[in-house]
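Student: Below are the structure tokens for one structure; questions will follow.
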Amino acid sequence: MRSCTVGMLFVSAVLAAAACGSTTEPGYGGGDFTTGLTSSGRVRTYRIHVPPTITPEQVVPLVIVLHGAGQDANDIRVLSGFDTVADERGVLVVYLDKAKDNTPTWTYYGFPGSNGFDDVQFVVDVIDAMAATFAIDRDRVYAAGFSNGGLFTLQLGCQLRGRLAAVASVAASLSVVTRQLCTPETVIPAVFVHGTADEAFPWAGTPDFMAVEEMWRLWADLSGCSSGPTVTDVVSQSPTVRRHDYAVCARSDRISLYAIEGGGHAWPSSIDFAASEVMMDFFEGISR
């Protein structure tokens with residue numbers, strides 16, 4: 001993996017090309033900023049949301065959010081509603097763009113999207129760039145992803161233990177190839193949100209992707225959880241949401257799976273159940 005470079009003139013060029021978000025340099029005071037860097041020799045872009053209440057004197061958590069196939073940073077910003085959650089909880093959030101090429105997916109282990117794009121290094125470089133601009137808590141950096149972005153997030157959960165404290169996936173499962181990266185020495189705490197009627201990543205799994213409950217049990221086993229499983233009704237009216245837990249784990253109090261009965265391939269965001277809220281509830285109790 002190679003390091004990144006960030007320059008004022010370069011960032012300005014990225015901003016002009018992106019034509020999205022603020023046209024000023026990222027900083028405090030609240031707002032949205034589209035910026036970029038060079039990672040592994042390639043120009044990459046991302047969008048930052050800064051809550052208006054945080055100040056340079058505060059050391060705050062950082063949440064990295066990864067979009068699904070065919071989407072971009074602004075799409076997942078709108079879909080997830082993480083801006084609102086960030087404002088309420090005083091955390092920085094950054095939405096990453098996949099590489100600008102002719103493939104719709106992230107480049108992740110076992111499923112390369114484009115030669116020359118190292119998305120794992122991109123995540124590392126963004127963390128470093130954010131730390132150079134903001135007072136982030138390096139022990140409270142988290143990643144969340146939807147669909148194809150969720151697949152990549154799960155890889156990060158088995159590969160970036162030295163950088164991330166916990167991960168969350170929505171409507172995604174662990175690929176049988178990526179599973180090879182996951183060991184008791186590499187995994188970090190995770191929370192999963194999945195609809196039982198997801199048509200893209202079926203609950204029962206496929207030859208290429210693990211069944212959802214199998215993935216959750218594997219993660220709990222690798223995390224050294226010693227209690228469970230238990231099931232709790234979180235939302236009793238339709239659609240029912242049940243939280244499946246293994247507890248007393250090595251690096252967190254639980255590894256959780258939120259099962260949305262009859263739910264499809266979507267990022268849940270309603271008054272009764274919002275994935276972004278339950279992710280932050282999970283993240284807030286965990287540091288690296």
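Each value in this text was obtained by applying a stated rule to the coordinates, not by laboratory testing. Note that the coordinates shown come from a computational prediction; the quantities given were computed from them, not determined experimentally. Neighbour counts run over all protein chains shown; Cβ positions are idealised from the backbone, glycine included.
Student: Where both partners of a DSSP beta bridge lie in the chain, what percent of those bridges are antiparallel, to the nearest 5?
Tutor: Around 55 percent antiparallel, to the nearest 5.
Student: Now, a different point. Under a point-charge model restricted to the Cβ atoms of Lys and Arg (+1) and Asp and Glu (-1), what is the dipole moment magnitude of the chain relative to its Cα centre, in debye to the nearest 20?
Tutor: 640
Student: Under Stokes-Einstein, with the Kirkwood radius over Cα pairs standing in for Rh, what whole-number D in µm²/s applies to the chain at 25 °C and 0.890 mPa s?
Tutor: D, rounded to a whole number, is 130 µm²/s.
Student: Still on this model: Among Ser269, Gln159, Pro52, which residue has its Cα furthest toward the positive end of the charge dipole of the chain, with +1 on Lys/Arg Cβ and -1 on Asp/Glu Cβ?
Tutor: Gln159
Student: Using only the Cα atoms of the range 200-288, build the gyration tensor, take square roots of its eigenvalues as a ≥ b ≥ c, and label the shape rounded, prolate or oblate: rounded if a/c is under 1.5, else prolate if a/b is larger than b/c, else oblate.
Tutor: Cα axes put the range 200-288 in the oblate bin.
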